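The values are calculated or read from the model by the stated rules, or taken from the named source; none is laboratory data. Just so you know, these numbers come straight off a predicted model, no measurement behind them. Heads up, the Cβs are rebuilt from the backbone with ideal geometry, glycines too, and the neighbour counts pull from every protein chain shown. The accessibility values were calculated without ligands, DNA or RNA, using every heavy atom of the protein model including side chains. Shrake-Rupley method; radii C 1.70, N 1.55, O 1.52, S 1.80 Å.
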Amino acid sequence: MKNRHFGDVDGIKEGDVFPDRQALHNAGVHLPTVAGIDGDSITGSSSIVLNAGYVDDLDLGDEIIYTGHGGNKDGKQVEDQSWDGAGNKGLLISELQGLPVRVTRGYKHKSPLSPKSGYQYSGLYQVTDHFEEVGKHGFIICRFRLEKIASTTTSPTIVGGSLPAGTANPGRTQSTVLRIVRDTAVSRETKRLYNYQCQVCGITIEVKGVRYAEGAHIKPLGKPHDGADQPDNLLCLCPNHHVMFDKGVFSINDDFTLHLIGGKLSVHPKHVLDISNLKYHREHICIN
Ligand SMILES: [Zn+2]
């Protein structure tokens with residue numbers, strides 16, 4: 001599998017300016033010297049450059065509505081875009097797997113945030129949504145919402161009472177993050193081993209050909225549990241079974257039968273689980 005670097009590049013900080021695309025390539029920020037998306041349809045997309053390539057791009061600073069790749073000639077859309085294009089599929093993978101995307105603004109990009117000349121690295125963004133619409137030139141375009149990854153992402157949550165009235169036209173309101181799924185290199189490998197099929201129910205979530213599952217740590221990470229981020233402490237689960245497992249709605253016996261919900265955990269022959277982690281989960285998380 002091709003190696004692709006996601007996240008910040010060593011020695012490069014937000015605000016750094018590069019004279020041209022070759023310099024951006026040499027620094028390892030964005031490898032292609034022409035294409036706006038640095039990505040592929042297997043590992044995901046790791047970087048984009050905003051440089052007035054597409055008339056439909058919208059840049060609000062911390063939020064960017066980015067037009068995907070394809071069907072564009074000299075800044076004009078001449079045919080429909082497809083979700084199968086490597087860069088577009090790559091951005092979908094980055095969305096579903098929570099991979100960060102480096103954003104660089106070029107001097108031709110119409111925004112007060114663009115540099116006067118050259119290309120300025122603008123930091124890491126998360127792909128939070130994708131949708132399809134008819135662009136200004138009348139062709140279908142694939143679009144992505146990217147939101148800046150802040151160092152702290154906590155926002156207040158109000159629980160209880162009656163359902164809030166909501167708003168018909170919310171605009172850019174702050175959303176509440178319900179839970180953050182930790183996705184490490186090890187959990188990505190574990191999910192690939194199972195081809196993103198839940199080890200409990202066998203279900204795979206598939207979005208336009210890109211598969212989604214979650215890596216669940218058996219003995220939780222962090223204090224006070226201090227579980228390891230290693231394959232023998234990881235499961236590949238669908239979001240429902242991930243939450244149920246984390247909250248102790250069920251647990252797993254040493255013979256992989258499922259305590260409280262019945263059935264049996266599917267375990268790949270190449271996946272060796274540390275039985276002591278299952279015991280820990282039974283004794284500390286699923287106390288029934
Ligand atoms: Zn499941």
Solvent-accessible area per residue for segment 177-266 at a 1.4 Å probe radius, Å²? 50
Convex hull volume of the Cα atoms in segment 235-288, per residue, in Å³? 74
Can you give me the distance in nm between label points at L60 and A35, each placed 7 Å from the Cα along the Cα-to-Cβ direction? 2.9
Spin-label point model (7 Å from Cα, Cβ direction): what's the I203 to K108 distance in nm? 4.6
Residues with beta-carbon under 10 Å from that of R143, excluding R143: net charge, scoring Lys, Arg +1 and Asp, Glu -1? -4
Segment 109-121 - phi-based ³J(HN,Hα) in whole Hz, Karplus 6.51/-1.76/1.60, Gly and Pro as x: 6, 7, 7, x, 7, 6, x, 5, 8, x, 10, 10, 6
Given 0.36 nm per residue, what is the gain on full extension from D254 to H5 after removing their alpha carbon distance, in nm? 85.9 nm
For the chain, compute Rg over Rh where Rg is the Cα radius of gyration and Rh is the Kirkwood radius from the inverse mean 1/r over Cα pairs. 1.02
Convex hull projection area averaged over all views, segment 176-288, Cα basis, nm²: 7.4
In Å, the C-alpha Rg and Dmax of segment 1-133 are 13.7, 40
What nm value, rounded to one decimal, do you get for the distance between V272 and I12 when each label is placed 7 Å out toward the C-beta? 3.9
At a 10 angstrom cut-off on C-beta neighbours, averaged per residue, how do the peptides 196-204, 16-24 rank from highest to lowest? 196-204, 16-24
Which percent of the accessible heavy-atom area of segment 1-60 goes to carbon and sulfur, probe 1.4 angstrom? 53
Sparsely packed trypsin sites (Lys or Arg not before Pro) within segment 201-288, loop by DSSP, other Cβ within 10 Å at most 10: K247, K270
With the radius of gyration and the Kirkwood radius both derived from the Cα set of segment 58-138, what is their ratio Rg to Rh? 0.96
When Rg is the radius of gyration of the Cα atoms in segment 183-244 and Rh is its Kirkwood radius, what does Rg/Rh come to? 0.99
Just to verify a number: FRET efficiency for I287 and S82, C-beta to C-beta distance, R0 = 51 Å, to 0.05? 0.55
